[in-house]
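The values are calculated or read from the model by the stated rules, or taken from the named source; none is laboratory data. Predicted model, so just to flag it, every value in this text is computed and none were measured. Don't worry about glycine lacking a Cβ; one is built from the backbone with ideal geometry, like all the others, and counts go over all protein chains shown. Just so you know, the surface numbers come from the protein's heavy atoms only, side chains and all, with ligands and any DNA or RNA stripped out. Shrake-Rupley method; radii C 1.70, N 1.55, O 1.52, S 1.80 Å.
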Number of protein chains: 2
Amino acid sequence: METASALRVKGRPREFCVDQALAAALGVFWAKGYEGASMADLTEAMGITKPSLYAAFGNKEALFHKALDLYEAEKLEYTRAALEQPTARKVAEHFMRGAIDAQMSSCDPKGCLGVISMTACGAEAESIKADVIKRRASSQAALVERFEQAKRDGDLPMHVDIAGLTSFLYALLQGMAVQAGSGATRADLERVVDTSMQLWPSR
Amino acid sequence: METASALRVKGRPREFCVDQALAAALGVFWAKGYEGASMADLTEAMGITKPSLYAAFGNKEALFHKALDLYEAEKLEYTRAALEQPTARKVAEHFMRGAIDAQMSSCDPKGCLGVISMTACGAEAESIKADVIKRRASSQAALVERFEQAKRDGDLPMHVDIAGLTSFLYALLQGMAVQAGSGATRADLERVVDTSMQLWPSR
DNA sequence: AGCCTTATATACCAGTCGTTATGGAAACTG
DNA sequence: CAGTTTCCATAACGACTGGTATATAAGGCT
């Protein structure tokens, strides 16, 4: 409908940076979950008032979905790199080490936004939960595909159940996220990864 | 102070069963988390009014702690049986199969109350979180001790890192709880357990 | 009987939730 | 300059939050 409207600003320009405000909102959601983050928390962290927030992002739920987009694009970028590793073993290790970096960053909240948003489910957040589930399903499907390729490549034994191995790896990642959110240290999580890699099949 | 006061009921007797009401409260907390469960939800499910609830249980937080006691005693009883299994392998398998039964029961909410309560953390629930973390730490310590015994018994290789293996198993349990709470089927979780048992060291 | 103690039921408290109407200020176009 | 459009700020909305005050009802004790 509109052609390159970057220049066509008619009225008064907004006084804040949308991307920057969204990043601040992501931080709040990440730290407190969807329902735990109040509009007051959000507006304070974003440095804007409530009407500005509603004008720029719609409402709380729309803001969350956009924050989730940002989270996937920025903090979950490592999963894309993981799928490009040469062997199934390296794929799994990249997933887990990357998860540690993402979940234990000193400047970000601990844990995984997806896990936090999915478990904290008070009826109103049902659509939030559904969104997170859908995103994770597509991500998991990509991992299944990668492991099937690994089996064809011969770096994964023929007898392993791919769906099982994928869910197993995801369970580990989610469990690590839970532990990251409840006081585990980076060394704790690294021990989990080391143990997992020692047990990994193709070795 | 008081000696067997079961008979000494002075005033009007209460019209509901405390244990039954607590069980109903547990169901609500389990399904919606601590913060997601409102007093209206609780009183409705328990079949009592708010003043009765406050008189019998103190407040929402005290009610939650008592519900957590009940949860540990009833739904987490399988962990005690698991520790008594003859080998480390059987201990781990009993833990995981028991977790499936507890998290996928057709008459109870899906997932693990501990995981749900720990991840949903909105400031006010900080003491809730601390309680859950403490309980899990003691449970985890018991598993460490059991695995050290297994190493002495020779059914666990000498080179394995016990702390790592324990956190690894707990991560799997917590990850399965996350998946149980987000639409996974019993077959999905059983695939995770089968995969885990195929990778388990001492085999 | 009457008293005493406790439970129940209704109504209410102050505070917060997400959301929005209102009024004025700021910047662009003509 | 006026006109228009959009922004920001204050304040308010009804609904709901956890928690209580008050009044009435129901049992045991003497």
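From the protein chains alone at 1.4 Å, what is the descending order of accessible area for A:THR87, A:THR185, A:THR43, largest first?
Details: A:THR87 45, A:THR185 65, A:THR43 20 Å².
The ordering from most to least exposed comes out as A:THR185, A:THR87, A:THR43.
From largest accessible area down, sort B:VAL9, B:VAL18; use a 1.4 Å probe on the protein chains.
Details: B:VAL9 110, B:VAL18 50 Å².
Ranked from most to least accessible, the order is B:VAL9, B:VAL18.
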### Task
Give the angle, between 0 and 90 degrees and rounded to the nearest 10, that separates the Cα long axis of helix A:18-32 from the longest principal axis of the Cα atoms of chain A.
60 degrees
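About the Cα centre of the range A:26-176, how large is the charge dipole given +1 on each Lys and Arg Cβ and -1 on each Asp and Glu Cβ? Please answer in debye to the nearest 20.
On the way: 17 positive and 20 negative charges, 22 e Å.
The dipole magnitude comes to about 100 debye.
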#### Entry: Helix A:162-180 vs. chain A, principal-axis angle (Cα, 0 to 90°, nearest 10)
50 degrees
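Beyond 31 Å between alpha-carbons counts as too far, so tell me which of A:LYS60/B:LYS75; A:LYS75/B:LYS90; B:LYS60/B:LYS134; A:LYS32/B:LYS110; A:LYS129/B:LYS134; B:LYS90/B:LYS110 fall in that bin.
Details: A:LYS60/B:LYS75 36 Å; A:LYS75/B:LYS90 38 Å; B:LYS60/B:LYS134 20 Å; A:LYS32/B:LYS110 22 Å; A:LYS129/B:LYS134 28 Å; B:LYS90/B:LYS110 24 Å.
Over 31 Å Cα-Cα: A:LYS60/B:LYS75; A:LYS75/B:LYS90.
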### Task
Take the Cα pairs of the protein assembly as shown, get the Kirkwood Rh, then feed it into Stokes-Einstein at 10 °C and 1.306 mPa s and tell me D in µm²/s.
69 µm²/s
### Task
Mind checking the per residue accessible area of chain A for me, 1.4 Å probe, whole number of Å²?
48 Å²
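Placing unit charges on C-beta atoms (Lys and Arg positive, Asp and Glu negative, everything else neutral), compute the dipole magnitude of the protein assembly as shown about its Cα centre in debye, rounded to 20.
Values: 48 positive and 52 negative charges, 39 e Å.
Magnitude of the dipole: close to 180 debye.
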### Query
Quick one: label points 7 angstrom along Cα→Cβ at A:ALA73, distances to the other copies in nm, smallest first?
5.3
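Can you give the helix-only mean residue ellipticity at 222 nm for chain B, where every DSSP H stretch with n ≥ 4 adds -39500 (n - 2.57) and the sum goes over all residues, rounded to the nearest 500 deg cm²/dmol?
Details: 10 runs with 137 residues, N = 203.
About -21500 deg cm²/dmol.
Can you list which of the GluC sites (Glu not before Pro) found in the range B:1-107 are DSSP loop residues with at most 11 other C-beta atoms within 10 Å? List each step's numbers first, then the result.
Values: sites: B:GLU2, B:GLU15, B:GLU35, B:GLU44, B:GLU61, B:GLU72, B:GLU74, B:GLU77, B:GLU84, B:GLU93; in loops: B:GLU2, B:GLU15, B:GLU35, B:GLU84.
Sites meeting the loop and neighbour criteria: B:GLU2, B:GLU15, B:GLU84.
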### Query
So, with +1 on the Cβ of K and R and -1 on the Cβ of D and E, and no other charges, what is the size of the charge dipole of the range B:109-194 about its Cα centre, to the nearest 20 debye?
140 debye
### Task
For the range B:18-70, list log₁₀ I(q)/I(0) at each q in 0.29 Å⁻¹, using the Debye formula over Cα point scatterers of equal strength and ignoring solvent, two decimals each.
-1.30
### Message
What are the equivalent ellipsoid semi-axes of the range B:1-114, built from the alpha-carbon gyration tensor (square roots of five times its eigenvalues), in whole angstrom, biggest first?
### Response
32, 19, 10
### Query
Whole-Hz Karplus ³J(HN,Hα) for the range A:54-65, in order, using 6.51 cos²θ - 1.76 cosθ + 1.60 and θ = phi - 60°, x for Gly and Pro?
5, 5, 8, 10, x, 8, 4, 5, 4, 4, 5, 4
### Principal-axis tilt of helix B:186-199 within chain B, Cα atoms, nearest 10 degrees
40 degrees
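When the convex hull of the Cα atoms of chain A is projected onto a plane and the area is averaged over all directions, what value comes out in nm²?
Seen from a random direction, the Cα hull of chain A projects 14.2 nm² on average.
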### Query
Hey, for B:SER106 with labels 7 Å out along Cα-Cβ, what do the inter-copy distances come to in nm, ordered shortest first?
5.3
### Task
Kindly compute the accessible surface that chains B and A hide from a 1.4 Å probe when together, both sides summed, and give it to the nearest 100 Å².
2900 Å²
### Message
Assume the label is 7 Å from Cα along Cα to beta carbon: what separations in nm does B:GLU145 have to the matching positions in the other copies?
### Response
5.0
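Efficiency by 1/(1 + (r/R0)^6): what FRET value for A:LYS134 and A:SER105, r their Cβ-Cβ distance, R0 = 22 Å, to the nearest 0.05?
Working: r = 26 Å, r/R0 = 1.16.
Efficiency, from the Cβ-Cβ distance: 0.30.
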### Task
Could you tell me the accessible area of B:SER182 in Å² (1.4 Å probe, neighbours in place), rounded to the nearest ten?
10 Å²
